[in-house]
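Engineer: Here it is: the structure, laid out below.
The values are calculated or read from the model by the stated rules, or taken from the named source; none is laboratory data. What you are looking at is a predicted structure, and each value in this text was computed from that prediction instead of being measured. Ideal geometry is used to build each Cβ from the backbone, glycine not excepted, and the neighbour counts take in all protein chains shown.
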Amino acid sequence: MRKAKLILTATIALLCLILGLVLYWKFGLNKPGISTQKVSVQKMKNGEFQLLAKDEPYFVKGAVYHPIPIGQNHQYNFWNDPNQPWIEDGRLMHRMGVNTVRFFQPGEEAKETCRVIDRFYQLYGIRTILGHWMDYWNPGNYADTRYREDLTRRVLEMVNTYKDEEGVLLWILGNENNLSWHSGGKVPWTCPEVEQMQDPQKKEQAKAKIYYSLVNQIAREIKKIDSEHPVALGNADFYSLEVAGEVCPDIDLIALTCYRGKTLGNLWREVERKTGKPVLVMEFGCDSFNAKTGQEDQEIQSVFLKSQWQEIEANRAGSGGVGNALGGCVFEWNDEWWKHDEHMVSSWFVHNTEGDWSAGGYYFDIAAPNNMNVNEEWWGIIALSPELENGINKRIPKRGYYELQEIWKQK
(Lines give C-alpha, C1' and ligand atoms only; values in the text may rest on other atoms or scores of the structure.)
Protein backbone atom coordinates (compact mmCIF):
# COMPACT_ATOMS: atom_id res chain seq x y z
CA MET A 1 0.00 0.00 0.00
CA ARG A 2 2.84 2.36 0.92
CA LYS A 3 4.59 1.58 -2.38
CA ALA A 4 1.43 2.46 -4.32
CA LYS A 5 1.19 5.82 -2.53
CA LEU A 6 4.81 6.58 -3.36
CA ILE A 7 4.22 5.75 -7.04
CA LEU A 8 1.09 7.92 -7.10
CA THR A 9 2.96 10.84 -5.45
CA ALA A 10 5.84 10.57 -7.88
CA THR A 11 3.45 10.42 -10.84
CA ILE A 12 1.61 13.57 -9.69
CA ALA A 13 4.93 15.39 -9.17
CA LEU A 14 6.08 14.39 -12.65
CA LEU A 15 2.82 15.57 -14.22
CA CYS A 16 3.11 18.91 -12.38
CA LEU A 17 6.67 19.29 -13.63
CA ILE A 18 5.62 18.57 -17.22
CA LEU A 19 2.71 21.00 -16.94
CA GLY A 20 5.01 23.65 -15.56
CA LEU A 21 7.47 23.19 -18.41
CA VAL A 22 4.65 23.40 -20.96
CA LEU A 23 3.37 26.66 -19.44
CA TYR A 24 6.87 28.11 -19.32
CA TRP A 25 7.39 27.23 -22.96
CA LYS A 26 3.96 28.45 -24.10
CA PHE A 27 4.26 31.86 -22.49
CA GLY A 28 7.88 32.40 -23.36
CA LEU A 29 9.06 32.48 -19.75
CA ASN A 30 11.81 29.95 -20.23
CA LYS A 31 12.55 29.92 -23.92
CA PRO A 32 16.29 30.01 -24.63
CA GLY A 33 17.29 33.41 -25.97
CA ILE A 34 13.84 34.97 -25.50
CA SER A 35 13.42 37.76 -22.95
CA THR A 36 10.14 38.82 -21.39
CA GLN A 37 11.44 42.40 -21.64
CA LYS A 38 12.16 42.45 -25.36
CA VAL A 39 11.15 45.59 -27.24
CA SER A 40 10.95 45.55 -31.02
CA VAL A 41 9.69 47.42 -34.05
CA GLN A 42 7.23 45.41 -36.09
CA LYS A 43 6.44 46.08 -39.71
CA MET A 44 3.02 44.68 -40.46
CA LYS A 45 1.77 43.10 -43.68
CA ASN A 46 0.07 46.34 -44.73
CA GLY A 47 3.38 48.22 -44.40
CA GLU A 48 2.45 50.04 -41.19
CA PHE A 49 4.60 49.96 -38.06
CA GLN A 50 4.13 49.47 -34.36
CA LEU A 51 6.36 49.21 -31.33
CA LEU A 52 6.06 46.03 -29.29
CA ALA A 53 6.99 45.64 -25.61
CA LYS A 54 6.49 42.19 -24.07
CA ASP A 55 4.81 41.28 -27.38
CA GLU A 56 2.11 43.92 -26.79
CA PRO A 57 1.61 47.09 -28.88
CA TYR A 58 3.25 50.07 -27.19
CA PHE A 59 2.54 53.64 -28.25
CA VAL A 60 4.87 56.19 -26.68
CA LYS A 61 3.08 58.82 -24.59
CA GLY A 62 6.20 60.47 -23.33
CA ALA A 63 7.76 63.47 -21.66
CA VAL A 64 11.28 64.85 -22.12
CA TYR A 65 12.66 64.86 -18.58
CA HIS A 66 15.43 67.09 -17.22
CA PRO A 67 13.98 68.56 -14.01
CA ILE A 68 16.24 71.57 -13.47
CA PRO A 69 15.08 73.55 -10.42
CA ILE A 70 14.88 77.31 -10.05
CA GLY A 71 18.37 78.71 -9.47
CA GLN A 72 20.23 75.90 -11.27
CA ASN A 73 21.32 75.37 -14.87
CA HIS A 74 21.98 72.40 -17.12
CA GLN A 75 24.91 71.29 -14.94
CA TYR A 76 22.54 70.36 -12.12
CA ASN A 77 22.78 66.61 -11.49
CA PHE A 78 19.26 65.56 -10.67
CA TRP A 79 20.26 61.88 -10.71
CA ASN A 80 21.87 62.17 -7.27
CA ASP A 81 19.50 64.75 -5.75
CA PRO A 82 18.66 63.43 -2.24
CA ASN A 83 15.19 64.98 -2.61
CA GLN A 84 14.48 62.57 -5.48
CA PRO A 85 12.34 64.85 -7.67
CA TRP A 86 11.44 61.91 -9.91
CA ILE A 87 9.23 60.48 -7.16
CA GLU A 88 6.81 63.43 -7.24
CA ASP A 89 7.23 63.86 -11.00
CA GLY A 90 6.57 60.17 -11.56
CA ARG A 91 3.38 60.42 -9.53
CA LEU A 92 2.18 63.35 -11.63
CA MET A 93 3.16 61.59 -14.85
CA HIS A 94 1.29 58.45 -13.84
CA ARG A 95 -1.83 60.50 -13.14
CA MET A 96 -1.46 62.15 -16.53
CA GLY A 97 -1.06 58.92 -18.50
CA VAL A 98 2.63 59.22 -19.34
CA ASN A 99 4.17 55.82 -20.09
CA THR A 100 7.67 56.94 -21.15
CA VAL A 101 10.36 59.41 -20.11
CA ARG A 102 13.13 60.49 -22.42
CA PHE A 103 16.58 61.30 -21.06
CA PHE A 104 19.10 63.08 -23.30
CA GLN A 105 21.95 61.11 -21.73
CA PRO A 106 22.51 58.97 -18.62
CA GLY A 107 23.98 60.45 -15.46
CA GLU A 108 27.64 60.34 -14.55
CA GLU A 109 27.18 57.52 -12.03
CA ALA A 110 25.64 54.29 -13.29
CA LYS A 111 24.23 53.36 -9.88
CA GLU A 112 22.28 56.62 -9.66
CA THR A 113 21.00 56.34 -13.24
CA CYS A 114 19.86 52.75 -12.67
CA ARG A 115 18.03 53.82 -9.53
CA VAL A 116 16.02 56.48 -11.38
CA ILE A 117 15.20 54.17 -14.31
CA ASP A 118 14.14 51.46 -11.85
CA ARG A 119 12.00 53.78 -9.71
CA PHE A 120 10.12 55.15 -12.71
CA TYR A 121 9.38 51.63 -13.92
CA GLN A 122 8.69 49.80 -10.67
CA LEU A 123 6.64 52.56 -9.03
CA TYR A 124 4.74 53.91 -12.03
CA GLY A 125 5.24 51.53 -14.98
CA ILE A 126 7.03 54.31 -16.88
CA ARG A 127 9.70 53.14 -19.32
CA THR A 128 12.88 55.00 -20.26
CA ILE A 129 14.22 56.17 -23.60
CA LEU A 130 17.94 56.64 -23.10
CA GLY A 131 19.91 58.81 -25.46
CA HIS A 132 23.50 59.63 -26.22
CA TRP A 133 24.38 63.16 -27.34
CA MET A 134 26.93 61.84 -29.87
CA ASP A 135 28.95 64.91 -28.79
CA TYR A 136 26.19 67.25 -29.96
CA TRP A 137 27.52 70.21 -27.94
CA ASN A 138 31.18 69.58 -28.66
CA PRO A 139 31.49 67.68 -31.94
CA GLY A 140 34.83 66.44 -33.13
CA ASN A 141 35.81 65.44 -36.64
CA TYR A 142 33.29 62.70 -37.35
CA ALA A 143 35.49 61.58 -40.25
CA ASP A 144 38.52 60.90 -38.06
CA THR A 145 39.05 57.18 -37.46
CA ARG A 146 40.27 57.50 -33.88
CA TYR A 147 37.44 59.83 -32.97
CA ARG A 148 34.88 57.48 -34.50
CA GLU A 149 36.33 54.57 -32.54
CA ASP A 150 36.31 56.54 -29.29
CA LEU A 151 32.72 57.72 -29.75
CA THR A 152 31.63 54.18 -30.63
CA ARG A 153 33.32 52.89 -27.49
CA ARG A 154 31.52 55.43 -25.30
CA VAL A 155 28.10 54.66 -26.76
CA LEU A 156 28.61 50.91 -26.39
CA GLU A 157 29.70 51.46 -22.81
CA MET A 158 26.33 53.12 -22.17
CA VAL A 159 24.45 50.25 -23.79
CA ASN A 160 26.38 47.60 -21.88
CA THR A 161 25.75 49.42 -18.62
CA TYR A 162 21.97 49.83 -18.97
CA LYS A 163 20.76 47.18 -21.42
CA ASP A 164 19.63 44.84 -18.65
CA GLU A 165 17.59 47.48 -16.84
CA GLU A 166 14.00 46.32 -16.96
CA GLY A 167 12.60 49.78 -17.67
CA VAL A 168 14.67 50.61 -20.77
CA LEU A 169 12.58 51.00 -23.93
CA LEU A 170 15.02 52.02 -26.67
CA TRP A 171 18.20 53.95 -27.51
CA ILE A 172 18.45 57.26 -29.39
CA LEU A 173 21.75 58.14 -31.08
CA GLY A 174 22.22 61.90 -31.27
CA ASN A 175 19.78 64.74 -30.85
CA GLU A 176 19.83 67.45 -33.52
CA ASN A 177 23.36 66.76 -34.72
CA ASN A 178 22.33 67.29 -38.34
CA LEU A 179 22.13 71.02 -37.61
CA SER A 180 25.91 71.03 -37.16
CA TRP A 181 26.48 70.96 -40.90
CA HIS A 182 23.63 73.18 -42.02
CA SER A 183 24.33 76.86 -42.51
CA GLY A 184 23.92 78.75 -39.28
CA GLY A 185 24.65 75.72 -37.11
CA LYS A 186 25.62 76.69 -33.57
CA VAL A 187 28.22 73.97 -33.13
CA PRO A 188 29.72 73.30 -36.58
CA TRP A 189 32.42 70.77 -37.38
CA THR A 190 34.37 70.00 -40.51
CA CYS A 191 37.30 68.01 -41.88
CA PRO A 192 40.00 68.66 -44.51
CA GLU A 193 38.37 66.44 -47.14
CA VAL A 194 35.12 68.39 -46.98
CA GLU A 195 36.82 71.78 -46.96
CA GLN A 196 38.35 71.04 -50.35
CA MET A 197 34.87 71.10 -51.86
CA GLN A 198 33.62 74.37 -53.34
CA ASP A 199 29.89 73.69 -53.54
CA PRO A 200 28.20 74.40 -50.14
CA GLN A 201 25.45 71.88 -50.86
CA LYS A 202 27.95 69.13 -51.62
CA LYS A 203 29.77 69.99 -48.39
CA GLU A 204 26.59 69.46 -46.42
CA GLN A 205 25.85 66.18 -48.17
CA ALA A 206 29.39 64.95 -47.55
CA LYS A 207 29.18 65.77 -43.84
CA ALA A 208 25.78 64.10 -43.65
CA LYS A 209 27.20 60.89 -45.12
CA ILE A 210 30.14 60.96 -42.74
CA TYR A 211 27.97 61.45 -39.66
CA TYR A 212 25.12 59.13 -40.59
CA SER A 213 27.51 56.36 -41.59
CA LEU A 214 28.97 56.57 -38.09
CA VAL A 215 25.48 56.35 -36.57
CA ASN A 216 24.78 53.26 -38.64
CA GLN A 217 28.10 51.71 -37.68
CA ILE A 218 27.33 52.24 -34.00
CA ALA A 219 23.79 50.86 -34.41
CA ARG A 220 25.24 47.73 -35.96
CA GLU A 221 27.64 47.32 -33.04
CA ILE A 222 24.85 47.87 -30.51
CA LYS A 223 22.85 45.03 -31.99
CA LYS A 224 25.76 42.65 -31.44
CA ILE A 225 25.49 43.17 -27.69
CA ASP A 226 21.81 44.06 -27.29
CA SER A 227 19.07 42.47 -29.35
CA GLU A 228 16.38 43.50 -26.88
CA HIS A 229 15.98 47.21 -27.67
CA PRO A 230 15.53 49.18 -30.91
CA VAL A 231 18.01 51.83 -31.98
CA ALA A 232 16.84 55.23 -33.23
CA LEU A 233 18.56 57.99 -35.18
CA GLY A 234 17.99 61.35 -33.46
CA ASN A 235 17.48 64.21 -35.93
CA ALA A 236 16.21 67.78 -36.13
CA ASP A 237 13.10 67.46 -38.31
CA PHE A 238 13.99 65.78 -41.63
CA TYR A 239 16.95 67.92 -42.73
CA SER A 240 19.39 65.64 -44.62
CA LEU A 241 17.20 62.65 -43.84
CA GLU A 242 17.37 61.41 -47.42
CA VAL A 243 21.09 60.80 -46.83
CA ALA A 244 20.33 58.85 -43.67
CA GLY A 245 17.88 56.78 -45.70
CA GLU A 246 20.77 55.75 -47.93
CA VAL A 247 23.45 55.02 -45.34
CA CYS A 248 21.54 53.94 -42.20
CA PRO A 249 19.95 50.56 -42.99
CA ASP A 250 20.63 49.25 -39.47
CA ILE A 251 18.60 51.95 -37.70
CA ASP A 252 15.19 50.72 -36.51
CA LEU A 253 13.38 54.05 -36.37
CA ILE A 254 13.78 57.77 -36.87
CA ALA A 255 13.43 60.01 -33.79
CA LEU A 256 12.73 63.63 -34.69
CA THR A 257 12.41 66.96 -32.93
CA CYS A 258 9.62 68.87 -34.64
CA TYR A 259 8.76 72.51 -33.93
CA ARG A 260 6.51 73.52 -36.80
CA GLY A 261 3.74 75.03 -34.72
CA LYS A 262 0.20 73.75 -34.51
CA THR A 263 0.63 71.18 -37.28
CA LEU A 264 3.40 68.70 -38.05
CA GLY A 265 2.54 68.94 -41.74
CA ASN A 266 4.11 66.51 -44.19
CA LEU A 267 6.41 64.93 -41.59
CA TRP A 268 4.99 61.43 -41.93
CA ARG A 269 5.01 61.21 -45.72
CA GLU A 270 8.47 62.71 -46.01
CA VAL A 271 10.03 60.32 -43.50
CA GLU A 272 8.34 57.42 -45.27
CA ARG A 273 9.60 58.63 -48.63
CA LYS A 274 13.14 59.38 -47.49
CA THR A 275 13.82 56.43 -45.16
CA GLY A 276 10.99 53.90 -45.13
CA LYS A 277 11.38 53.81 -41.34
CA PRO A 278 8.81 54.48 -38.58
CA VAL A 279 8.82 57.78 -36.67
CA LEU A 280 9.04 58.71 -33.02
CA VAL A 281 8.49 62.43 -32.45
CA MET A 282 11.07 62.72 -29.68
CA GLU A 283 10.17 66.38 -29.09
CA PHE A 284 6.98 68.31 -29.81
CA GLY A 285 5.42 71.19 -27.95
CA CYS A 286 4.68 74.88 -27.52
CA ASP A 287 5.76 77.48 -24.99
CA SER A 288 3.13 78.97 -22.70
CA PHE A 289 4.18 82.62 -22.97
CA ASN A 290 2.66 85.04 -25.44
CA ALA A 291 5.51 87.33 -26.50
CA LYS A 292 3.08 89.65 -28.27
CA THR A 293 0.89 90.40 -25.27
CA GLY A 294 3.66 89.96 -22.70
CA GLN A 295 1.48 87.56 -20.71
CA GLU A 296 1.47 83.87 -19.97
CA ASP A 297 -1.01 82.01 -22.19
CA GLN A 298 -1.57 78.45 -21.02
CA GLU A 299 -4.68 78.14 -23.15
CA ILE A 300 -2.85 78.53 -26.48
CA GLN A 301 -0.19 76.07 -25.33
CA SER A 302 -2.88 73.48 -24.62
CA VAL A 303 -4.53 74.11 -28.01
CA PHE A 304 -1.24 73.54 -29.83
CA LEU A 305 -0.39 70.42 -27.80
CA LYS A 306 -3.78 68.88 -28.53
CA SER A 307 -3.44 69.55 -32.26
CA GLN A 308 0.10 68.14 -32.41
CA TRP A 309 -0.86 65.01 -30.52
CA GLN A 310 -3.94 64.40 -32.63
CA GLU A 311 -1.70 64.33 -35.72
CA ILE A 312 0.64 61.85 -34.07
CA GLU A 313 -2.33 59.63 -33.19
CA ALA A 314 -3.79 59.97 -36.68
CA ASN A 315 -0.64 58.48 -38.20
CA ARG A 316 -0.22 55.47 -35.92
CA ALA A 317 -0.95 52.00 -37.25
CA GLY A 318 -4.64 51.39 -37.93
CA SER A 319 -5.67 55.05 -37.71
CA GLY A 320 -6.08 55.79 -41.41
CA GLY A 321 -2.96 57.91 -41.79
CA VAL A 322 0.51 56.94 -42.98
CA GLY A 323 0.79 54.35 -40.22
CA ASN A 324 4.42 55.01 -39.29
CA ALA A 325 3.99 56.96 -36.01
CA LEU A 326 5.24 55.23 -32.86
CA GLY A 327 4.25 58.05 -30.48
CA GLY A 328 5.83 61.21 -29.14
CA CYS A 329 7.46 62.96 -26.20
CA VAL A 330 6.20 66.37 -25.17
CA PHE A 331 8.91 68.96 -24.67
CA GLU A 332 9.10 69.45 -21.89
CA TRP A 333 8.13 68.30 -18.42
CA ASN A 334 8.85 71.48 -16.43
CA ASP A 335 9.84 75.08 -17.16
CA GLU A 336 13.55 75.92 -17.10
CA TRP A 337 14.30 79.32 -15.58
CA TRP A 338 18.00 79.34 -16.55
CA LYS A 339 17.82 79.22 -20.33
CA HIS A 340 17.55 82.84 -21.49
CA ASP A 341 20.90 83.91 -20.09
CA GLU A 342 22.69 80.80 -18.94
CA HIS A 343 25.94 82.66 -18.17
CA MET A 344 24.35 85.02 -15.62
CA VAL A 345 23.65 83.13 -12.40
CA SER A 346 21.31 85.78 -11.02
CA SER A 347 18.98 85.28 -14.03
CA TRP A 348 18.43 81.66 -13.06
CA PHE A 349 16.15 82.90 -10.28
CA VAL A 350 14.02 84.99 -12.66
CA HIS A 351 11.41 83.60 -15.08
CA ASN A 352 12.49 85.60 -18.13
CA THR A 353 9.88 86.79 -20.62
CA GLU A 354 12.09 87.89 -23.53
CA GLY A 355 11.91 86.01 -26.82
CA ASP A 356 14.84 83.74 -27.69
CA TRP A 357 14.15 82.86 -31.33
CA SER A 358 11.57 83.22 -34.05
CA ALA A 359 9.19 80.60 -35.42
CA GLY A 360 6.32 81.52 -37.72
CA GLY A 361 4.47 78.28 -37.04
CA TYR A 362 3.69 79.63 -33.58
CA TYR A 363 1.59 82.29 -35.22
CA PHE A 364 -0.22 83.53 -32.13
CA ASP A 365 2.67 85.78 -31.09
CA ILE A 366 4.83 86.08 -34.21
CA ALA A 367 4.04 89.82 -34.19
CA ALA A 368 6.26 90.21 -31.10
CA PRO A 369 9.11 92.76 -31.35
CA ASN A 370 11.56 91.63 -34.04
CA ASN A 371 9.39 88.51 -34.39
CA MET A 372 11.23 86.95 -31.42
CA ASN A 373 8.24 84.97 -30.24
CA VAL A 374 9.61 81.76 -28.75
CA ASN A 375 10.47 81.79 -25.05
CA GLU A 376 12.81 78.95 -24.04
CA GLU A 377 11.99 79.23 -20.34
CA TRP A 378 8.26 78.52 -20.73
CA TRP A 379 8.04 75.18 -22.56
CA GLY A 380 7.07 73.03 -19.58
CA ILE A 381 3.65 71.53 -19.02
CA ILE A 382 4.54 71.85 -15.34
CA ALA A 383 5.22 75.29 -13.82
CA LEU A 384 7.69 75.64 -10.97
CA SER A 385 7.04 77.68 -7.84
CA PRO A 386 9.83 79.13 -5.67
CA GLU A 387 7.94 77.51 -2.80
CA LEU A 388 9.46 74.19 -1.78
CA GLU A 389 7.61 70.96 -1.07
CA ASN A 390 9.66 68.01 0.17
CA GLY A 391 12.82 69.85 -0.82
CA ILE A 392 11.86 70.52 -4.46
CA ASN A 393 10.10 73.38 -6.22
CA LYS A 394 6.36 72.96 -5.94
CA ARG A 395 4.93 71.49 -9.16
CA ILE A 396 1.93 73.28 -10.69
CA PRO A 397 0.38 71.50 -13.70
CA LYS A 398 -0.57 73.80 -16.58
CA ARG A 399 -3.59 73.48 -18.87
CA GLY A 400 -1.45 71.57 -21.35
CA TYR A 401 -0.89 68.89 -18.72
CA TYR A 402 -4.62 68.45 -18.24
CA GLU A 403 -5.28 68.56 -21.99
CA LEU A 404 -2.93 65.66 -22.64
CA GLN A 405 -4.14 63.88 -19.52
CA GLU A 406 -7.69 63.89 -20.86
CA ILE A 407 -6.50 62.32 -24.13
CA TRP A 408 -3.89 59.90 -22.78
CA LYS A 409 -5.99 58.50 -19.94
CA GLN A 410 -8.76 57.53 -22.34
CA LYS A 411 -6.64 54.78 -23.87
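Engineer: Being among the polar types (S, T, N, Q) and more than 22 Å from the chain's Cα centre (by Cα) is the filter; apply it to the range 367-411 and report the residue that is farthest from Ser307 (Cα to Cα).
Structural biologist: Once the filter is applied, the top-ranked residue is Asn390.
Engineer: I've got another one for you. Can we say Thr293 is polar (S, T, N, Q) and touching a Gly at 6+ places or on another chain (Cβ under 7 Å)?
Structural biologist: So Thr293 fails the test.
Engineer: Separate question: Kindly evaluate Glu228 against the criterion of being more than 17 Å from the chain's Cα centre (by Cα) and part of a loop (DSSP other than H, G, I, E, B). Before you say what the answer is, go through the steps one by one.
Structural biologist: Working: more than 17 Å from the chain's Cα centre (by Cα): yes; part of a loop (DSSP other than H, G, I, E, B): yes.
Taking the combined requirement at face value, the residue satisfies it.
Engineer: What residue, of Gln75, Gln50, Gln84, Gln105, is more than 30 Å from Gly321 (Cβ to Cβ) and touching a Lys or Arg at 6+ places or on another chain (Cβ under 9 Å)?
Structural biologist: The match here is Gln84.
Engineer: Hey, another quick one. When you scan the range 158-184, how many residues do you find that are over 17 Å from Lys38 (Cα atoms) and under 17 Å from the mean Cα position of the chain (by Cα)?
Structural biologist: 7
Engineer: Oh, and also: Enumerate the strands (runs of 3 or more DSSP E) found wholly within the range 305-408, keeping only those where 1 or more residues are among the hydroxyl-bearing types (Ser, Thr, Tyr). Working first, answer last.
Structural biologist: Working: elements: 325-330, 382-389, 392-397.
The qualifying strands (runs of 3 or more DSSP E) are 382-389.
Engineer: Would you pick out the residues in the range 135-161 that are within 19 Å of Thr190 (Cα to Cα) and either without any contact (Cβ under 8 Å) to a residue 12 or more places away in the chain or of a type in the set (A, V, I, L, M, F, W, C) (or both)?
Structural biologist: Selection gives Trp137, Ala143, Thr145, Arg146, Tyr147, Glu149, Asp150, Leu151.
Engineer: Examine the range 187-206 for a residue that is in a loop (DSSP other than H, G, I, E, B) and at pLDDT 95 or above, and state whether such a residue exists. Give the steps one after another, and end with the answer.
Structural biologist: Quick first cut of the range 187-206, residues in a loop (DSSP other than H, G, I, E, B) only: 187-191, 196-199.
Filter once more, keeping what is at pLDDT 95 or above: none.
The answer is no, given that none of the residues of the range 187-206 is in a loop (DSSP other than H, G, I, E, B) and at pLDDT 95 or above.
Engineer: Would you mind stating whether Asp164 is in the same structural domain as Asp250 (by TED's automatic domain parsing) and in contact (Cβ under 8 Å) with a residue 60 or more places away in the chain?
Structural biologist: In short, no.
Engineer: Pick from the range 82-99 the residues that are in contact with a helix residue (DSSP H, G or I) (Cβ under 9 Å, 6 or more places away or on another chain) and surrounded by fewer than 19 Cβ atoms within 10 Å (Cβ to Cβ): which of them is farthest from Phe331 (Cα to Cα)?
Structural biologist: Gln84
Engineer: When the residues of the range 286-305 are filtered to those that are more than 17 Å from Tyr65 (Cα to Cα) and of a type in the set (Asp, Glu), which remaining residue is surrounded by the fewest Cβ atoms within 10 Å (Cβ to Cβ)?
Structural biologist: Glu299
Engineer: Select, from Glu283, Glu270, the only residue that is charged (D, E, K, R) and buried (at least 20 other Cβ atoms within 10 Å of the Cβ). Give the steps one after another, and end with the answer.
Structural biologist: Working: Glu270 fails: buried (at least 20 other Cβ atoms within 10 Å of the Cβ).
Of Glu283, Glu270, the one residue that is charged (D, E, K, R) and buried (at least 20 other Cβ atoms within 10 Å of the Cβ) is Glu283.
Engineer: Let me ask something else about it. Could you identify the single residue in Arg115, Arg148, Arg102 that is surrounded by 16 or more Cβ atoms within 10 Å (Cβ to Cβ), charged (D, E, K, R) and touching a helix residue (DSSP H, G or I) at 6+ places or on another chain (Cβ under 6 Å)?
Structural biologist: Values: Arg115 fails: touching a helix residue (DSSP H, G or I) at 6+ places or on another chain (Cβ under 6 Å); Arg102 fails: touching a helix residue (DSSP H, G or I) at 6+ places or on another chain (Cβ under 6 Å).
One residue alone meets the criteria, Arg148.
Engineer: So, Arg273, is that one within 24 Å of Glu246 (Cα to Cα), in a helix (DSSP H, G or I), assigned by TED's automatic domain parsing to the domain that holds Leu170 and without any contact (Cβ under 8 Å) to a residue 12 or more places away in the chain or not?
Structural biologist: So Arg273 passes the test.
Engineer: How about the range 393-411: which of its residues are of a type in the set (S, T, N, Q) and under 15 Å from Gly62 (Cβ atoms)?
Structural biologist: Gln405
Engineer: Which one of these is assigned by TED's automatic domain parsing to the domain that holds Trp171, part of a helix (DSSP H, G or I) and either of a type outside the set (Ser, Thr, Tyr) or under 21 Å from the mean Cα position of the chain (by Cα) (or both): Gly245, Gly261?
Structural biologist: Among Gly245, Gly261, only Gly245 is assigned by TED's automatic domain parsing to the domain that holds Trp171, part of a helix (DSSP H, G or I) and either of a type outside the set (Ser, Thr, Tyr) or under 21 Å from the mean Cα position of the chain (by Cα) (or both).
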